Structure formats: C-alpha cells, structure tokens
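Shown next, in structure tokens, is the structure this report addresses.
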Amino acid sequence: TDSQSKLTVLARAKQSDQILYSKQRFDLYPDVYAATLDDINKAKQLTSLDKQRRAFSWGKSELVQWTDADGNTADGVLIKPSDYQEGKRYPVMVYYYRFMSDRLHAFPDMKINHRPNFAWYTNNGYAIFLPDIRFEIGYPGISAVKALTTGVQKIVDMGIADPKKIGLHGHSWSGYQTAFAVTQTNMFAAAVSGAPVSNMTSAYSGIRHGSGLARQFQYETGQSRIGESLFKAPQKYIENSPIFYVERIQTP
C-alpha cells in the first residue's frame with residue numbers, strides 16, 4: 001500500500017516480467033491493470049467497471065491518530081461526507097471490529113447486509129469512523145470501551161463529529177463490544193448490536209453450529225481473550241459480560 005492507493009498483484013507471467021494487478025481507494029474501484037515490473041507507471045487499464053459510480057457523490061478516507069487511554073498511539077480511518085464543509089459538524093456512524101486502519105484505501109463493498117454501506121452513509125451526510133481496537137488479555141470489554149471513547153473524542157476535538165449524533169454499529173465480535181460499551185458509556189446516541197454474546201458464562205460451553213466444537217477455546221485463548229478457564233477465573237467472565245450491567249444502559 002502506498003500513500004495514494006492499495007495495490008494487489010493478481011498474476012505474473014511465467015516467461016516475462018508482465019504482471020496483472022488492481023489498485024483501489026475508497027473513491028476508486030479496483031479495476032485491473034497490466035504493466036511490466038520495471039515500469040509500472042506505464043500501466044494499461046484493462047477494465048473500466050467504475051463508470052456507474054462516477055455519477056454519484058463520494059467521500060474520501062483519511063488516517064486519524066490519537067493517544068488512547070493507556071498513552072499509546074492509536075489509529076483509525078475517517079471517511080468524510082461527500083459534501084463535507086470544513087467547520088461543520090456531522091453525525092457519525094462508528095463501525096469497527098479489531099484492526100480497521102488497513103481499510104484506509106479499501107473501496108467500499110456495495111452490498112446491503114448486516115454491514116453498513118459506507119458510501120450510502122457518506123452520500124446522506126454522515127461521516128464514518130473506523131477505529132482500531134487493541135485488546136488486553138482478560139479485559140476485552142473495557143479494552144473496546146477505552147479505544148472507542150478516546151477515538152470518538154478525537155474526531156469530536158477535530159471539529160468533525162456532532163457529539164450528540166454519534167452512532168455505534170457492531171456485528172458478531174463487535175456486536176459484543178457494542179453491547180458492552182453501552183453499559184459503560186452514554187457517549188453514543190444509538191447503537192446497533194448484531195449477533196452479540198451478552199453472557200460469557202452461559203455461552204462458554206455452547207456448541208458451534210457446523211463444526212460441532214464446544215466454544216471454551218474461543219473464550220480462553222481465542223477471540224474473547226479471557227486468558228483463563230471459566231472455572232479458574234469466573235469473575236473475569238462476569239466482568240466482561242454485558243448482561244451483568246444491563247441496568248445501566250440508557251442508549252437506544
């Protein structure tokens with residue numbers, strides 16, 4: 001990835017230095033190009049699948065950095081509305097999972113499903129914020145809260161975000177983080193928590209559909225990052241479960 005776009009090599013000729021590759025940005029569809037390795041600047045564009053998009057307004061993405069609650073440098077992607085005006089504050093949709101800064105130059109997937117369509121939001125006056133989340137073993141819930149709150153405060157301080165109109169959207173693992181976050185902060189005007197785990201104690205011995213595997217590994221050493229079994233560290237499973245703080249929730 002360079003400072004302008006993301007390049008992906010698709011194929012290389014066996015008997016020459018010819019390559020096929022694609023390049024993309026948030027506002028550039030990943031068309032296919034042909035070039036030689038010694039002179040990629042003279043690439044020939046082979047496809048032109050971006051014509052339909054050119055008729056629509058499109059936002060642009062930029063890298064944002066801030067200092068998190070632990071004093072570390074954090075990264076995220078900010079996508080401004082297509083009609084962005086400097087000095088004006090905008091409603092913001094925060095979407096995340098774990099590391100999102102690698103999507104700085106990613107063209108948005110034009111689908112309608114449980115993932116928000118970034119281009120639709122930017123065309124309707126929203127800014128999009130994609131913060132990185134870095135987890136501390138044993139404390140996935142509060143790790144997410146610290147990353148989200150400091151990241152959102154950064155874009156408020158930048159003059160981009162309307163602090164009263166910030167929404168949070170997560171699904172699956174980030175659905176869990178969203179469910180936990182709204183028990184700890186009232187920063188968000190609304191939240192979408194798709195397919196979350198709300199109780200790690202009851203989910204601990206659930207059976208994964210398809211594989212038939214019990215889920216203990218996921219909570220001990222996998223995505224949930226508790227680091228210990230339910231029997232050795234029951235309090236950590238309780239502390240990281242949104243259901244035990246549900247009476248605190250004030251966010252729609």
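The values are calculated or read from the model by the stated rules, or taken from the named source; none is laboratory data. The structure presented is a predicted model; accordingly, all values stated were derived computationally and were not measured. With ideal geometry, Cβ positions are generated from the backbone for all residues, glycine too; neighbour counts draw on all protein chains shown. For accessibility, only protein heavy atoms count, side chains too; no ligands or nucleic acids. Shrake-Rupley method; radii C 1.70, N 1.55, O 1.52, S 1.80 Å.
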Extent along principal axes [Cα atoms of the chain; Å; largest to smallest]: 61, 49, 35
Where His114, His105, His209 fall by accessible area, highest first, once all protein chains stay in place (1.4 Å): His209, His114, His105
Surface accessible to a 1.4 Å probe, Arg208 within the full protein complex, Å²: 90 Å²
Compactness of the stretch 99-188, expressed as Rg and Dmax over alpha-carbon positions, Å: 13.4, 40
Mean separation of Cα contacts under 8 Å (6+ apart) over length of the chain, as relative contact order %: 14 percent
Largest-first ellipsoid semi-axes for the stretch 95-140, taking √(5λ) over the Cα gyration tensor eigenvalues, angstrom: 24, 11, 10
Helical mean residue ellipticity (222 nm; -39500 (n - 2.57) per DSSP H run of 4+; nearest 500) of the chain: -5000 deg cm²/dmol
C-alpha center-to-center spacing [the stretch 1-80, the stretch 182-220] in angstrom: 34 Å
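Keeping all protein chains in place and using 1.4 angstrom, which order do Met100, Met158 fall into by accessible surface area, from largest down?
Working: Met100 5, Met158 75 Å².
Result of the area sort, largest leading: Met158, Met100.
Please state the shape class of the stretch 56-123: rounded when a/c is under 1.5, otherwise prolate if a/b exceeds b/c and oblate if not, all from the C-alpha gyration tensor.
The shape class here is oblate.
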Accessible area of Leu37 in the full protein assembly, 1.4 Å probe (Å², nearest 10): 90 Å²
Whichever lysines have a C-alpha closer than 20 Å to that of Lys44, once near sequence neighbours (fewer than 8 apart) are set aside: Lys6, Lys14, Lys23
For peptides 165-175, 135-145, sequence by mean Cβ density within 10 Å, most packed first: 165-175, 135-145
Scattering curve values for the stretch 125-252, log₁₀ I(q)/I(0), Debye with Cα scatterers, q = 0.11, 0.14, 0.18, 0.23 Å⁻¹: -0.40, -0.62, -0.95, -1.38
√(5λ) per eigenvalue of the Cα gyration tensor, the stretch 32-160, largest first, Å: 30, 20, 14
